[in-house]
Amino acid sequence: MKDIKVPELRHPEKAHRPDNAQPRKPSWIRVKAPNSKGYKETHRIMREHNLVTVCEEAACPNAGECWSQGHATMMIMGEVCTRACSFCNIATGKPPEDLDVFEPGRVADAVQKLGLNHVVVTSVDRDDIKDGGAAHFAQTIRAIRHRSPKTTIEILTPDFLHCDPAELEVVVDARPDVFNHNLETVPGLYPQVRAGARYFHSLRLLQRVKELDPSIFTKSGLMVGLGEDRQSVHQVMDDMRAADIDFLTIGQYLQPTPKHHTVADFITPDDFKAYERAAYGKGFLMVSATPLTRSSYHAGDDFARLREARDAKLARQ
């Protein structure tokens, strides 16, 4: 079995690529190294339950802050992804194991021990599994509901591209509070950034969630700084609203290693503010657009604001 902690083995499909220079980060996106008591306790609980987190695997810059507050994004279905997106730091290749039937219970136990009011559960892509992991997501949601009935649940799913369309219904029937699937970038950059995915399939996936259960909040995210232009970002916002997506996140792309897609631009905080204003103007209930925004960053607080925004909108109708 390969050691996925070794960069050359973690991303074998990128090993032959020339290095891309990693530009120096501007002051507004530098973060402190994690070392708090809360961070160490969260780390202990994750290891004790043999759980993987996207915070670690994707090298999230907010891990120190989130873990210090006991917030960690659980990553189910293993730690090896069958896709090879050029932006992502999660290990790629053929997953060495089948799905762990005990994993939903371990996730639920960790959520209870952390005392989470809101939890985010994501996963690797598992194109090697017929249902893409849909039943595993549903089992995880139900296990959390059983152990922590007051905890709200947000899922960040793969695209289920190679599955029967009915598999999405399995996930929706488990009734997560938020269904998130990230478009990641503008359609023109998909061949370079997200080659294994299809822009309009991902968009339609989120639209179908709303059609199946209008009470579920839908959410999607973009990275900027990959080489997109402002007009294409605005077009994605329009596409998302046409699909009735409630919540948009926009964050700065940060290059994990020299073998990953290069950072084309560092987007300024003022430009993020402009994106936020534009998104609210287009009708999103909730927008998080900052350099350090990630899909699950401040997810609990944002969920509360999202629910309040929907209640206010319904009261005006």
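Observations on the structure shown:
- Other residues within the sphere of radius under 15 Å centred on the Cβ of V193, judged by their own Cβ, net out at -1 (K and R +1, D and E -1).
- Structural size metrics of the range 160-219, computed from C-alpha coordinates, are Rg and Dmax of 12.2, 35 Å.
- Dipole moment magnitude, nearest 20 debye, the range 198-263 about Cα centre, only Lys, Arg, Asp, Glu C-beta charged: 220 debye
- Chymotrypsin sites (Phe, Trp or Tyr not before Pro) lying in DSSP loop within the range 218-300, provided at most 14 other Cβ fall within 10 Å: none
- All Cα-Cα separations within the range 81-189 were binned at 10 Å from zero, giving a P(r) of 13, 43, 34, 9, 0, each value a whole percent of the pairs.
- K313 contributes an accessible area of around 80 Å² to the protein surface, as traced by a 1.4 Å probe with all chains present.
- Normalised by 2.2 N^0.38 Å, where N counts its residues, the alpha-carbon radius of gyration of the range 226-289 equals 1.20.
- With the simple spin-label model, which puts each label point 7 Å out from Cα in the Cβ direction, the D265 to A195 separation comes to 2.6 nm.
- Normalised per residue, the volume of the convex hull around the Cα set of the range 175-317 (Å³): 116 Å³
- Added length on full extension, which subtracts the Cα-Cα distance from 0.36 nm per residue, D311 to R230: 26.0 nm
The values are calculated or read from the model by the stated rules, or taken from the named source; none is laboratory data. Being a predicted model, the structure only gives us computed values, none of them experimental. Reconstructed Cβ throughout: ideal geometry from the backbone, glycine too, with neighbour counts over all protein chains shown. SASA here: full protein model, heavy atoms, side chains in, ligands and nucleic acids out. Shrake-Rupley method; radii C 1.70, N 1.55, O 1.52, S 1.80 Å.
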